[in-house]
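Participant: Dropping a structure here in structure tokens format, bear with me for questions.
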């Protein structure tokens, strides 16, 4: 686990510069103080390909980073609120929102998880950090989920109160995670999980799940 995390850090240092990149026809700018997707843009593209955004919905992109998911989600959403704990990520996402002329549809907020959120959403997108280690910097917060997956546990504890009646979560998980433990957490917090896609990328397998509150069963 520590070896793969160190590899992420090394690659990010090797490519510690700003650059533009086209992703699915849209232009993005990446700054060096936000996690570089130079080698990992495939994982973002994988999530984009399987976005489940009902037309006209209200969407929350939790941990937006450079804003990739928020920008593609806005194609179907009425409005997207995108948050991140890293103020540098919010600045980077703001550049990309403006580059793609989406300032009217996407609102950016800086804060930890649901701290800057008061309203409810039809869809919550979350690509959580995968490593159960305590982050020491904003950059490490993009990779490290805290001891015993503290970030994910806190997210699941608070997510249901920010979903509309038919709302759901779309989340990315990795084979680097303790998936048995994660699925127990999901069940414990009153969600059922539906696997919608999986893909082997580089050294890991990525999974995209829909999480739906159990009380909504039979109302889908």
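Participant: Could you tell me whether segment 86-104 includes any residue that is modelled with pLDDT under 95, closer than 23 Å to residue 19 by Cβ and assigned to a loop (DSSP other than H, G, I, E, B)?
Facilitator: The answer is yes, given that some residue of segment 86-104 is modelled with pLDDT under 95, closer than 23 Å to residue 19 by Cβ and assigned to a loop (DSSP other than H, G, I, E, B).
Participant: Also, I was wondering about something else. Within segment 56-73, track down each residue that is assigned to a loop (DSSP other than H, G, I, E, B) and within 19 Å of residue 162 (Cα to Cα).
Facilitator: 56, 57, 63, 64
Participant: Within segment 22-49, can you find the residues that are surrounded by fewer than 15 Cβ atoms within 10 Å (Cβ to Cβ), at pLDDT 55 or above and not in a helix (DSSP H, G or I)?
Facilitator: 22, 24, 25, 27
Participant: Here's something else I'd like to know. Could you list, ordered by first residue, the pairs with Cβ atoms under 9 Å in which the first is in segment 145-164 and at negative phi and modelled with pLDDT under 90 and the second is surrounded by 14 or more Cβ atoms within 10 Å (Cβ to Cβ) and in a helix (DSSP H, G or I), at least 6 apart or interchain?
Facilitator: 145/151; 145/152; 145/153
Participant: Can you name the residue in segment 158-182 that is in a helix (DSSP H, G or I) and within 25 Å of residue 77 (Cβ to Cβ) and is also nearest to the chain's Cα centre (by Cα) among such residues?
Facilitator: Checking each candidate, the answer is 159.
The values are calculated or read from the model by the stated rules, or taken from the named source; none is laboratory data. Because the structure is predicted, anything quoted here is derived from the model rather than measured. Don't worry about glycine lacking a Cβ; one is built from the backbone with ideal geometry, like all the others, and counts go over all protein chains shown.
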